[in-house]
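Participant: Handing you a structure now.
The values are calculated or read from the model by the stated rules, or taken from the named source; none is laboratory data. All figures in this text were calculated on a predicted structure; none of them were measured in a lab. For neighbour counting, all protein chains shown are included, and Cβ atoms are generated from backbone atoms with ideal geometry for every residue, glycine included.
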Amino acid sequence: MKKLGNKFKLKSSSALVIAAGCAVAFMFLTTCISFYFYHKRMEDAHVLLEEAKYNQYDSYVVMISSDDSSDFWQRVYKSAYEYGKENGVYVDLLSDNVDMKYKKSELLEMAIECDCDGILLEGDDSPEIANLLSKAASKNIPVITLENDVPSELRVSFVGVNNYTIANLYAASLEENIVKQKHAMIIGDNTIGETAINNFLNNIQEALADKDIVNAPLDFEIRTIESGEAFATEEYIQNIFKKNELKPIVICLDAVSTESFYQAMIDYNKVGSVLLFGNYESPVIYTGIKQGVIKSTVTMDADSMGQTAAKAFIEYRDSGYVSDYINVEPQMIDAKNIDEYLKEAEDD
């Protein structure tokens, strides 16, 4: 160390030693924190498994989605739970029973580590999920995917809808509502994936080829919301309005995008200037259709999906075989039948 007037200057080697020490300390701290949270996840998982055994069920099955709190997935779970209960299977919505908010991949890891008997999973095309499903397969844990599929070697069955059928429902609604519009935007969140959106685009273009639409073929722009952070969808859609990047036709492929776009149309006074076609169903989406702001929404029968998934697990458990793909019929909700859905919601 050299003295310069009243100041001291550290030699470069000393500075490097200090920097290296700080780096090592940071890495050690990060490792400790990661180990703590991993241990906490595994502890939660084993507690859940013991609770399931205590209730004397024949099998313990975990259900995992990207948004377990949504109306749709709550209905799927309730149906799967009720069917499972009648047949000796405890179906657990894992996120309801842990005291922290975990990502879908973390919940999947917990389910695998606690050696559950089966997993009902909303699929996606992320490498992280694929790696975990390979681990589940190596432990002989059957996985049944819901709504979105994964490579067939990673699961025993897929319960969902035919994408071409969905595209045809959208095409029919577009034909009914389009006047002179030419440009359209497709919006999907990070649970859908680029491959699925591109497949949807190809299917809807094929379905529209036979429709009598003015200014056909339509010009489609795909928007994928890559972030899975809270409020990412709302912020993304608000930016579309702020930057005036709107198209006269918008198709949302998930519930959050549909609800967010509907609310933004009201907030930015764009009602009447955009034809909005949604996905799924919820009280907010019902209201939007009743008001005429949302022209229609395509939804799956959540009750049928949950029951079918639980039944598929039981079939595989008992026989070792189950259909590779089990179809659930999609439904269109629009001004013509919205009152039926509103009445059903009131009765529930």
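Participant: Can you tell me which of (1) at pLDDT 95 or above; (2) of a type in the set (A, V, I, L, M, F, W, C); (3) assigned to a helix (DSSP H, G or I) is the one residue 345 doesn't meet?
Facilitator: Only one criterion in (1) at pLDDT 95 or above; (2) of a type in the set (A, V, I, L, M, F, W, C); (3) assigned to a helix (DSSP H, G or I) is unmet by residue 345, namely (1).
Participant: Just checking, how many residues over segment 76-135 are touching a strand residue (DSSP E or B) at 6+ places or on another chain (Cβ under 8 Å) and of a type in the set (Gly, Ala, Ser)?
Facilitator: Within segment 76-135, residues that are touching a strand residue (DSSP E or B) at 6+ places or on another chain (Cβ under 8 Å) and of a type in the set (Gly, Ala, Ser) number 7.
For every residue, the table says whether it meets (1) modelled with pLDDT of 95 or more; (2) outside the structural domain of residue 224 (by TED's automatic domain parsing); (3) of a type outside the set (Lys, Arg).
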| residue | (1), (2), (3) |
| --- | --- |
| 132 | yes, yes, yes |
| 137 | yes, yes, yes |
| 140 | yes, yes, yes |
| 144 | yes, yes, yes |
| 179 | no, no, yes |
| 183 | yes, no, yes |
| 189 | no, no, yes |
| 194 | no, no, yes |
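Participant: Out of everything in segment 85-103 that is assigned to a loop (DSSP other than H, G, I, E, B) and charged (D, E, K, R), what residue ends up being surrounded by the most Cβ atoms within 10 Å (Cβ to Cβ)?
Facilitator: Across segment 85-103, the extreme among qualifying residues is 103.
Participant: Residues of segment 106-130 being of a type outside the set (A, V, I, L, M), modelled with pLDDT of 90 or more and surrounded by 15 or more Cβ atoms within 10 Å (Cβ to Cβ), which ones?
Facilitator: Result: 106, 109, 113, 116, 117, 118, 122, 123.
Participant: Still on this structure, please answer the following. Restricting to segment 226-253, give me the number of residues that are modelled with pLDDT under 90 and within 13 Å of residue 192 (Cβ to Cβ).
Facilitator: The total comes to 2.
Participant: May I ask you to verify whether residue 296 is touching a residue at least 24 places away in the same chain (Cβ under 8 Å), buried (at least 22 other Cβ atoms within 10 Å of the Cβ) and farther than 22 Å from residue 74 by Cβ?
Facilitator: Spelling it out, residue 296 is indeed touching a residue at least 24 places away in the same chain (Cβ under 8 Å), buried (at least 22 other Cβ atoms within 10 Å of the Cβ) and farther than 22 Å from residue 74 by Cβ.
Participant: So which of 198, 202 ends up being surrounded by fewer than 21 Cβ atoms within 10 Å (Cβ to Cβ), touching a strand residue (DSSP E or B) at 6+ places or on another chain (Cβ under 9 Å), without any contact (Cβ under 8 Å) to a residue 40 or more places away in the chain and assigned to a helix (DSSP H, G or I)?
Facilitator: Only one candidate qualifies: 198.
Participant: Read through the list (1) assigned to a loop (DSSP other than H, G, I, E, B); (2) more than 24 Å from residue 329 (Cα to Cα); (3) modelled with pLDDT under 95, then give the number of the only condition that residue 69 fails.
Facilitator: Of everything listed in (1) assigned to a loop (DSSP other than H, G, I, E, B); (2) more than 24 Å from residue 329 (Cα to Cα); (3) modelled with pLDDT under 95, residue 69 misses just condition (2).
Participant: Follow-up. Find the residue count for segment 233-266, including only residues that are in contact with a Leu (Cβ under 9 Å, 6 or more places away or on another chain) and touching a residue at least 60 places away in the same chain (Cβ under 8 Å).
Facilitator: Residues flagged as in contact with a Leu (Cβ under 9 Å, 6 or more places away or on another chain) and touching a residue at least 60 places away in the same chain (Cβ under 8 Å) within segment 233-266 amount to 6.
Participant: Would you tally the residues in segment 214-233 being buried (at least 17 other Cβ atoms within 10 Å of the Cβ) and either more than 18 Å from the chain's Cα centre (by Cα) or part of a helix (DSSP H, G or I) (or both)?
Facilitator: So the answer is 3.
Participant: Okay, next question. Regarding residue 322, is this residue in the same structural domain as residue 91 (by TED's automatic domain parsing) and touching a residue at least 60 places away in the same chain (Cβ under 8 Å)?
Facilitator: Yes: the conditions hold for residue 322.
Participant: I'd like the full set of residues that are of a type in the set (Ser, Thr, Tyr) and modelled with pLDDT under 95, limited to segment 153-173.
Facilitator: Listed by number, the residues that qualify are 164, 165.
Participant: Just checking, does segment 213-232 include any residue being among the aromatic types (Phe, Trp, Tyr), more than 20 Å from residue 332 (Cα to Cα) and in the same structural domain as residue 290 (by TED's automatic domain parsing)?
Facilitator: Taking every residue of segment 213-232 in turn, at least one turns out to be among the aromatic types (Phe, Trp, Tyr), more than 20 Å from residue 332 (Cα to Cα) and in the same structural domain as residue 290 (by TED's automatic domain parsing).
Participant: Looking at segment 274-327, which of its residues are in a loop (DSSP other than H, G, I, E, B) and modelled with pLDDT of 95 or more?
Facilitator: Across segment 274-327, the qualifying residues are 274, 292, 293, 320, 321, 322, 323, 324.
Participant: Here's another thing I want to ask about it. Of the residues 192, 186, 166, which is under 20 Å from the mean Cα position of the chain (by Cα), closer than 30 Å to residue 316 by Cβ and outside any loop (DSSP other than H, G, I, E, B)?
Facilitator: Unique residue meeting the criteria: 166.
Participant: If you don't mind, there's one more thing I want to ask. Among the numbered criteria (1) under 25 Å from residue 194 (Cβ atoms); (2) in a strand (DSSP E or B), which one does residue 332 miss?
Facilitator: Against the list (1) under 25 Å from residue 194 (Cβ atoms); (2) in a strand (DSSP E or B), residue 332 comes up short only on (1).
Participant: When the residues of segment 137-163 are filtered to those that are among the hydrophobic types (A, V, I, L, M, F, W, C) and in a loop (DSSP other than H, G, I, E, B), which remaining residue is surrounded by the most Cβ atoms within 10 Å (Cβ to Cβ)?
Facilitator: 156
Participant: Among 106, 82, which is out of contact with any Pro (no Cβ under 7 Å at 6 or more places or on another chain), in a helix (DSSP H, G or I) and farther than 22 Å from residue 190 by Cα?
Facilitator: When all the criteria are applied, what remains is 82.
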